[in-house]
Structure formats: C-alpha cells, structure tokens
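The values are calculated or read from the model by the stated rules, or taken from the named source; none is laboratory data. If you're wondering where the values come from, they're calculated on a predicted model, not measured in any experiment. Neighbour counts are summed over all protein chains in view; Cβ atoms, including those assigned to glycine, are modelled from backbone coordinates with ideal geometry.
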C-alpha cells in the first residue's frame, strides 16, 4: 500500500465531493485537516485493501466527520437565515454522499456504526449545551468525546483496535479540532465547539486565575 498515493488520491476525491456550485457561491465550503486522512491511512494500512478501496473508505469516513462539523457552524451568529438553512442542507448533502460512497463498498456494518456515531455525537452535544462548566478540562474532555465518536465506531467496525494507541489518538484529535476552531474564530465563524469556550469565559471571567485567562486569550478561544 502506497500511503502517500492514497493520501493524495483521497484528498482529490474529497475536494471534488465537497465542491458544489450553488453551495460554493452561497456559503463557505468546509475545510478539513489532512492529518485526519493521514491517521485513517495509517489505521487502515493493516487491512490489506488496494489503494482505491482504502481511499474510498477514507473518503466516506471523512464525509461523515465533515457533515457533523458542518452542522456545528449553524451556531454562527453572523449567518443570515438563508445561510443557516443552506448550512444545514450542506450537512445533509455530505451525509448523503457518505451513504452513497459506503453503499458502493457494500459495507453494511460500517454504515450502521457510522449512523450510531452520528447519534452518539448529537447526544453528547445536547448534554454539553446544558452543562455549566467549572473547568476548562471539562470542556476539553467533552470535545474529546465528540471527536472520538466517529473514530471509535470505525475502529470497532473494522477491528482495528490492536494497532491503535487510543489515548494518543484522542489527544491528537483534540489538538486538530482546537487548531481548526482557532482558525474558524479568526474568520469570525462561531461554531458549537468554540461557543462552549466563549460561554465558559463569560460565566467565569471574574474567578478564573490570570494564567488561565492569558492562556485562553493567547489561544484565541474567546473574542
């Protein structure tokens, strides 16, 4: 298996899948961190698939991940009603694409597992909305839970656990997501995730210590 070739092939497919003429004109097309593709390539390496099959699996998994993150953007207060509606439709569109990609692979078990991942992630987010966080670490733990859902179900469905360092992978996923959230905030895009940090800071800014306040500010996790 040529890991570089699979990565390039997958990114090319994913970019084509994500681009839509109408959505591209009306809303920001979602971006993704190519490190996630690298992680998935490494995980699926043991399966012995050919490059094309591996790439198809990774594209479908990434579309699932991206569809969930697209829905997170409806928290953005800068969006008009039309943009929010189109963002919701875009998330549904990417969800439909991943079903299409997986159906061609005829992997019913993975389809079921990714459906469970979506449900589980939505339940975690619903819980987060009602939480009153006292510590930053509590938010980070919940973000890890959100990021872990898709990967956990992929690992279980495809029997990949033997060669995956779970704790290391969770921390890497957290780092990638936080980097993406900082990038989005710099673009004035408010998401479900960074809204949790903003709310935490607003509720606790008079009691959190200066070093933590400086860390939050330097990380651009608040406005």
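Among the residues of region 157-186, the ones that are in a helix (DSSP H, G or I), exposed (fewer than 15 other Cβ atoms within 10 Å of the Cβ) and over 12 Å from the mean Cα position of the chain (by Cα) come to 10 in all. The condition (being buried (at least 20 other Cβ atoms within 10 Å of the Cβ), out of contact with any helix residue (DSSP H, G or I) (no Cβ under 7 Å at 6 or more places or on another chain) and modelled with pLDDT under 90) is satisfied by just one residue among 101, 69, 47, 16: 69.
Got at least one residue in region 136-152 being part of a helix (DSSP H, G or I) and farther than 16 Å from residue 193 by Cβ? So far as region 136-152 goes, yes, one or more of its residues are part of a helix (DSSP H, G or I) and farther than 16 Å from residue 193 by Cβ.
Answer with yes or no whether residue 189 is at pLDDT 85 or above, surrounded by 16 or more Cβ atoms within 10 Å (Cβ to Cβ) and within 23 Å of the chain's Cα centre (by Cα). It is false that residue 189 is at pLDDT 85 or above, surrounded by 16 or more Cβ atoms within 10 Å (Cβ to Cβ) and within 23 Å of the chain's Cα centre (by Cα).
Of the residues that sit in region 123-134 and are outside any helix (DSSP H, G or I) and in contact with a helix residue (DSSP H, G or I) (Cβ under 9 Å, 6 or more places away or on another chain), which one is surrounded by the fewest Cβ atoms within 10 Å (Cβ to Cβ)?
Out of the qualifying residues, it is 132.
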